[in-house]
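First the structure, in the form of structure tokens, and then the observations on it.
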Amino acid sequence: MSLGKLGDWVKSQVEHGDFATDSEVIREALRRFKDAQEAESPELQAMVDQGLESEVAPFSEADWAALRHLAREGKPKGRK
């Protein structure tokens, strides 16, 4: 199997001592990929699908203000 540029990254993980072999890197990557897929809930996917199918409403000034606040403060406005 050829990994192209990813093969260089895999080798670098082994060279840095993060893993003993190329196979360990690949197994860990596949394990994380599988875990991420299993973590996706059907409810979340349904909400994403619903959002994608709905009409897009433009952001209001209040939406932008809340987003700016969240970016600066790291928490939603009005929450502790």
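Per-structure values
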| quantity | calculated |
| --- | --- |
| Verdict on residue 18 being under 19 Å from the mean Cα position of the chain (by Cα) and among the charged types (D, E, K, R) | no |
| Set 25, 10: member being in contact with a Phe, Trp or Tyr (Cβ under 8 Å, 6 or more places away or on another chain) and surrounded by 11 or more Cβ atoms within 10 Å (Cβ to Cβ) | 25 |
| Tally, over segment 1-43, of residues that are assigned to a helix (DSSP H, G or I) and among the small types (Gly, Ala, Ser) | 6 |
| Odd one out for residue 57 among (1) outside any helix (DSSP H, G or I); (2) of a type in the set (A, V, I, L, M); (3) surrounded by 10 or more Cβ atoms within 10 Å (Cβ to Cβ) | (3) |
| Pair list, Cβ under 6 Å, 6 or more apart: segment 23-52 residue closer than 20 Å to residue 5 by Cβ, other residue surrounded by 10 or more Cβ atoms within 10 Å (Cβ to Cβ) | 25/10; 25/13; 25/19 |
| Filtered residues of segment 24-37 (kept if among the acidic types (Asp, Glu) and either over 30 Å from residue 11 (Cβ atoms) or modelled with pLDDT under 85 (or both)) | 35 |
| Total residues in segment 38-74, condition at pLDDT 80 or above and polar (S, T, N, Q) | 3 |
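The values are calculated or read from the model by the stated rules, or taken from the named source; none is laboratory data. Note that this is a predicted model, so its numbers are computed, not measured. Cβ atoms come from the backbone with ideal geometry, glycine included; neighbour counts cover every protein chain shown.
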